[in-house]
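Working notes, structure below.
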Amino acid sequence: MFAIKKKRLIAPKVVLMEVLAPKIARKRRAGQFVILRVNDTGERFPLTIADSDAEAGTITIIFQIAGKSTALLAALNEGEAIQDVVGPLGRPTHIEKVGHVVCIGGGVGIAPVYPILRAMKEIGNRVTSIISARSKDLLILEEEMRAHSDDLKVATDDGSHGFKGFPTQILQGMMNGGERIDLVVAVGPVPLMRAVCEVTRPRGIPTVVSLNPIMVDGTGMCGGCRVSVGGKTQFVCVDGPEFDGHQVDFDLLSKRLRTYADLERASAEAHKCKIGAG
Amino acid sequence: MKPPARAPRQKMPEQSAEERVKNFREVPYGYPPETAKIEAARCLQCKTAPCRQGCPVEVRIPEFIRKIREGDFAEANRIIKGDNALPAVCGRVCPQEDQCEKLCVLAKKGESVAIGRLERFAADYGLAQAPETPPPAAPTGRRVAVVGAGPAGLTCAGDLARLGHEVTIFEAFHAPGGVLVYGIPEFRLPKAIVQAEVDALKRAGVKIELNAVIGKVETIDELLAEGFDAVFIGTGAGLPNFMGIPGENLGGVYSANEYLTRSNLMKAYRFPDFDTPIIRSRRVAVVGGGNVAMDAARTALRLGAEEVRLVYRRSREEMPARIEEIHHAEEEGVRFELLTNPIEILGDDQGRTRGMRCLRMKLGEPDASGRRRPVPMPGSEFEVELDTVIIAIGNTPNPLIPSTTPDLKVGSHGTIVADKETGLTSKARVFAGGDIVTGAATVIEAMGAGKRAARAIHAQLMGG
């Protein structure tokens, strides 16, 4: 069992938790994730480690309540515990001093970008962050991102905060303005990552994306998380989660993500009914 | 002593095919005591015990069978347990027809003693009684880390604990058992039996740390540095193989590992009471001819598929699956498409599987494996309509430990190089056994490797 030391709602339906997992906290690096199982009947699902405190022995996870499993997780309180947490899984981000790095996070995808941004900054890169959400109240980690960025830009779909529009427009603007960009890291919904890759592709700017497909074991056993990268099948849990975005078949990824859409919707509905009835 | 008059080999009662295909309960019920005694009386009690030579863990077969004949079932179980840490498992999943029963003197006349069924009988009898905790061995003060709680790891850990060593198993999953819990379905090996065997190991003092992926959360070197005197690696199968044909990443295409893990370990067959989903298919093709392919096909039937095909590129004779599994699958209605090779999986515009294109094959000259190589027949292409394809054509070893243990020698296929007799790897104090060394093989062979490694580890720890 893994005790929840701290829990905070950081945006509507977005929860931050600090979970006691000393061995993982000691070992994890930027870009890695854990797989959780909330209780004995729960499914296994991956979440990026947003932060850790080796001394306190905790890891930080940030997630959006989207289906039954995340609803069950969000229902746990400080002092309660998660049945299973395993990690750190996946390859750490390749951190290198390249010059100017642009880190783009969309929605709850800002959480996985946060540790990458810090590692990129610590090694000596100049880092510009672009974070986005549908509206101001849904934007997470703005202050944390600002504290570690040389420059932070904000985009909201409705214009309630920062630039009204998409982060890709900000990125395009920087490129049009002649700004030198050596590396782009983008994490968020599949359409965002795909759009970022389309913006950087013509200029050949290296672009790394972090993928979050359906996963079961997370250790390279089941093959459920396979994606096509440069025409080759790769397993996100052991070969990733980060890949060269220009090589990723996003179309296939989003189709595979929908495999259980109907079943998951039914399960989430049934769960809501049970809570309502109880 | 004059051998008693021999009855025919006793059948084991089982659920009818029509009934069992609708549930996940175990297929055979096991011998009733009277039947077990009749079967035990068939044993000739050969002094040379050729059957034992066919057993990778050298169970004292004639001795335990004699005890069954005498009605001392508890003692029969104790005799088996002396050599086999998981008898209730082996009685169910061992390929006895290729091992002990193959060498039985009676086999020459066609009907060997049903050693596997008797082993199962004695082991189940033992499990039904109050657990016996073996007398604790004098502690040696030595600590051993075992990586992986599958057949190899559990056997190695059990033997070492019995010898007085302090053993900790590190398991990546949230439940111990390895392939016994994620791979082999409930209807072939009830999970309560695996749990009972694991509980027995815990009572013998074995500690199990779950959710611990060695190679990630800790490396082999770190385990040695923090005070383990030896490490045994039994991490089993790794990345599933795919065929490399178009369409393999469509929705509705599973590796057998994923399909079985969802159903067995995650209990997707009880969705939505359990949260892990699995596609409720109508028309399924399973590609492969081994036990895993049979397990996947039979699972698909139980999940409600109307039609399940097994597509195998060679003929029935070359199928690596156990005869009993092939028989059970056919009885339940799995349709065999032999000498057939898939060349493309077809999808709809939503990226879901809608069919598969195949070629008919014929057998040519023998290949490197000694089996006749399948050769495509020109112009034999055809399509089948499907919504699910399950690929069961084996695995390659998991790279997590080799890639984080630089001085561990790895073979050309990614398997860890280890001495056949001792399991010792290229790295001092590190041993390995099971599928991570041999590539995909059987439960009992992995157990045999775990047992031999335990012996070698013990000798090294006590000698040094």
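Against the list (1) within 11 Å of another protein chain (Cβ to nearest Cβ); (2) within 27 Å of the chain's Cα centre (by Cα), the condition residue B:393 fails is (1).
Just wondering, is there one or more residues in the stretch A:62-83 that are assigned to a strand (DSSP E or B), closer than 30 Å to residue A:151 by Cα and among the hydrophobic types (A, V, I, L, M, F, W, C)? Checked against the condition, which is being assigned to a strand (DSSP E or B), closer than 30 Å to residue A:151 by Cα and among the hydrophobic types (A, V, I, L, M, F, W, C), the stretch A:62-83 yields at least one hit. Would you confirm whether any residue within the stretch B:96-117 is assigned to a helix (DSSP H, G or I), of a type outside the set (Phe, Trp, Tyr), within 15 Å of residue B:190 (Cβ to Cβ) and free of Cβ contacts under 8 Å to residues at least 60 places away in the same chain? Looking through the stretch B:96-117, none of the residues is assigned to a helix (DSSP H, G or I), of a type outside the set (Phe, Trp, Tyr), within 15 Å of residue B:190 (Cβ to Cβ) and free of Cβ contacts under 8 Å to residues at least 60 places away in the same chain. Restrict the check to the stretch B:396-404 and report whether at least one residue is of a type in the set (A, V, I, L, M), away from every other protein chain (no Cβ under 14 Å) and not in a strand (DSSP E or B). Within the stretch B:396-404, none of the residues are of a type in the set (A, V, I, L, M), away from every other protein chain (no Cβ under 14 Å) and not in a strand (DSSP E or B).
Checking each residue in the stretch B:363-382 for being under 30 Å from residue B:306 (Cβ atoms), out of contact with any Asp or Glu (no Cβ under 9 Å at 6 or more places or on another chain) and part of a strand (DSSP E or B) picks out B:376, B:382.
The residues of the stretch A:27-50 that are closer than 15 Å to residue B:261 by Cα and among the aromatic types (Phe, Trp, Tyr) amount to a single one, A:45. Of the residues contained in the stretch A:202-214, none is found to be at pLDDT 95 or above, under 17 Å from the mean Cα position of the chain (by Cα), more than 8 Å from every other protein chain (Cβ to nearest Cβ) and part of a helix (DSSP H, G or I). Scoring residue B:156 on the criteria (1) in contact (Cβ under 8 Å) with a residue 60 or more places away in the chain; (2) within 14 Å of another protein chain (Cβ to nearest Cβ); (3) buried (at least 24 other Cβ atoms within 10 Å of the Cβ) leaves a single failure, condition (2). Report the residue count in the stretch B:1-20 for those that are aliphatic (A, V, I, L, M) and surrounded by 18 or more Cβ atoms within 10 Å (Cβ to Cβ). Residues that pass the stated criteria total 1.
This table checks each residue for (1) over 30 Å from residue B:215 (Cβ atoms); (2) touching a helix residue (DSSP H, G or I) at 6+ places or on another chain (Cβ under 6 Å).
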| position | (1), (2) |
| --- | --- |
| B:243 | no, no |
| B:257 | no, no |
| B:264 | no, yes |
| B:272 | yes, yes |
| B:279 | yes, no |
| B:304 | yes, no |
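Right, residue A:183: among the aliphatic types (A, V, I, L, M) and in the same structural domain as residue A:166 (by TED's automatic domain parsing) or not? When the stated conditions are applied, residue A:183 passes them. Of everything in the stretch B:359-368 that is within 30 Å of the chain's Cα centre (by Cα) and surrounded by 10 or more Cβ atoms within 10 Å (Cβ to Cβ), the residue that is nearest to residue B:389 (Cα to Cα) is B:361. Within the stretch B:314-339, being buried (at least 17 other Cβ atoms within 10 Å of the Cβ), aliphatic (A, V, I, L, M) and part of a helix (DSSP H, G or I) holds for B:326, B:329.
Yes/no per residue for (1) polar (S, T, N, Q); (2) assigned by TED's automatic domain parsing to the domain that holds residue A:64:
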site: A:81; (1), (2): no, yes
site: A:116; (1), (2): no, no
site: A:120; (1), (2): no, no
site: A:124; (1), (2): no, no
site: A:128; (1), (2): yes, no
site: A:131; (1), (2): no, no
site: A:141; (1), (2): no, no
site: A:153; (1), (2): no, no
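Do the conditions hold for residue A:186, that is, is it surrounded by 24 or more Cβ atoms within 10 Å (Cβ to Cβ), away from chain B (no Cβ under 13 Å) and either at pLDDT 95 or above or not in a loop (DSSP other than H, G, I, E, B) (or both)? Yes, satisfied. If you check B:206, B:213 for being more than 14 Å from every other protein chain (Cβ to nearest Cβ), aliphatic (A, V, I, L, M), in contact with a strand residue (DSSP E or B) (Cβ under 7 Å, 6 or more places away or on another chain) and over 30 Å from residue B:301 (Cα atoms), only one passes: B:206. Can you tell me which residue among B:88, B:152, B:122 is at pLDDT 95 or above, in contact with a Gly (Cβ under 9 Å, 6 or more places away or on another chain) and within 22 Å of residue B:26 (Cβ to Cβ)? Matching residue, one of B:88, B:152, B:122: B:122. Only one entry in B:91, B:82, B:71 is in contact with a helix residue (DSSP H, G or I) (Cβ under 6 Å, 6 or more places away or on another chain) and either among the small types (Gly, Ala, Ser) or not in a helix (DSSP H, G or I) (or both), namely B:91.
Selection of the stretch B:159-192 for residues being surrounded by fewer than 21 Cβ atoms within 10 Å (Cβ to Cβ) and part of a helix (DSSP H, G or I) yields B:191, B:192.
Could you tell me whether residue A:219 is among the β-branched types (Val, Ile, Thr) and more than 20 Å from residue B:246 (Cα to Cα)? Yes. Of the residues making up the stretch A:84-108, those that are within 15 Å of the chain's Cα centre (by Cα) and either crowded, with 24+ Cβ neighbours inside 10 Å or in a strand (DSSP E or B) (or both) are A:88, A:89, A:90, A:103, A:104, A:105, A:106, A:108.
The values are calculated or read from the model by the stated rules, or taken from the named source; none is laboratory data. Please read these numbers as outputs of a predicted model, since none were measured by experiment. Neighbour counts are summed over all protein chains in view; Cβ atoms, including those assigned to glycine, are modelled from backbone coordinates with ideal geometry.
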